[in-house]
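*Asks:* Quick one: the structure is below, questions incoming.
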Amino acid sequence: MTSVPRVDLAPPDDGLEIAFAGRSNAGKSSAINAITAQKSLARTSKTPGRTQQLNFFKLDDQRRFVDLPGYGYAKVPIKVKRQWQQATEHYFRKRRSLCGIFLVMDIRHPLTDFDLQMVEWCQHCDLPLHIALTKADKLKFGASKNTLLQIQNSLKSIEVNASIQLFSSLKKVGIKEAHGILDEWFAFEKNH
Ligand code: GDP
């Protein structure tokens, strides 16, 4: 639909919106493409000038995906980080159509400061949160299950209520599970 630097420039705040978040390189674009069965939908968001913007994708008249900016793991100027924080926090607090956050984490580097910030905002704004541990193909099944359990326990210990799953865009693991959550948030009937 559009890419905007601030929430006041976003499309009308009606219907339902689900936002995808993830630190840069976590595998968010690949996850969006795998979930939507498109080759380069989320690449649109990576075109120069759009990486710091909120990118809106229309699914139908009532439903949208939003690809949120995720700053790089490399050194980011503090000013850029602050701008990003302000824009994203504002979006979380003000956007009434926002019905859930789909947070993508690299299973080998979970719960970064970026992720914890997202988790905190979801709690603060009472937003449903789902976590996809992507690149799960990089670990053996047992190791990835252990990581999943560890993260579940860490979140429980800080009283965070989130669903969590293993995901691999490369091996197409966890897509059905992700669809289940998204369908629920978008209030689609289960049996279609
Ligand atoms: P983004 O910056 O979060 O949008 O990350 P990308 O989707 O661009 O992925 C970053 C890198 O990780 C790319 O080299 C991808 O090919 C790779 N990648 C993404 N998802 C997976 C996955 O499920 N498995 C593996 N092995 N690599 C992945």
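The values are calculated or read from the model by the stated rules, or taken from the named source; none is laboratory data. Here the structure is a predicted model, which is why all the values come from computation and not from measurement. Heads up, the Cβs are rebuilt from the backbone with ideal geometry, glycines too, and the neighbour counts pull from every protein chain shown. Protein only, heavy atoms only, side chains kept; ligands, DNA and RNA dropped before computing areas. Shrake-Rupley method; radii C 1.70, N 1.55, O 1.52, S 1.80 Å.
*Asks:* Does Phe188 qualify as being without any contact (Cβ under 8 Å) to a residue 12 or more places away in the chain, hydrophobic (A, V, I, L, M, F, W, C) and not in a helix (DSSP H, G or I)?
*Replies:* yes
*Asks:* What are the pairs with Cβ atoms under 8 angstrom where one residue, in segment 152-173, is on the phi > 0 side of the Ramachandran plot and the other, located anywhere, is open to solvent by less than 50 Å² (accessible area, probe 1.4 Å)? Sequence gap at least six, or different chains.
*Replies:* Listed by first residue and then by second, the contacts come to Lys172/Ala34.
*Asks:* Further, regarding this structure: Taking the options Met118, Met105, name whichever one is surrounded by 18 or more Cβ atoms within 10 Å (Cβ to Cβ) and part of a strand (DSSP E or B).
*Replies:* On inspection, the qualifying residue turns out to be Met105.
*Asks:* Of the conditions (1) closer than 19 Å to Ile32 by Cα; (2) at pLDDT below 95, Gln117 clears all except one; give me its number.
*Replies:* (1)
*Asks:* If I go through segment 46-79 residue by residue, how many of them are part of a helix (DSSP H, G or I) and either at pLDDT 80 or above or within 15 Å of Ile18 (Cβ to Cβ) (or both)?
*Replies:* Within segment 46-79, the subset part of a helix (DSSP H, G or I) is 46, 78-79.
The next check asks that each one be either at pLDDT 80 or above or within 15 Å of Ile18 (Cβ to Cβ) (or both); those that pass are 78-79.
Qualifying residue count, segment 46-79: 2.
*Asks:* For segment 137-157, indicate whether the set of residues that are under 16 Å from the mean Cα position of the chain (by Cα), closer than 26 Å to Leu16 by Cβ and either outside any loop (DSSP other than H, G, I, E, B) or of a type in the set (Gly, Ala, Ser) (or both) is non-empty.
*Replies:* no
*Asks:* Exactly one condition in (1) under 22 Å from Arg93 (Cα atoms); (2) within 16 Å of the ligand (Cβ to nearest atom) is false for Leu155; which is it?
*Replies:* Among (1) under 22 Å from Arg93 (Cα atoms); (2) within 16 Å of the ligand (Cβ to nearest atom), Leu155 violates only (2).
*Asks:* Of the residues Lys171, Lys176, which single one is modelled with pLDDT of 95 or more and assigned to a loop (DSSP other than H, G, I, E, B)?
*Replies:* Numbers: Lys176 fails: assigned to a loop (DSSP other than H, G, I, E, B).
Answer to the selection: Lys171.
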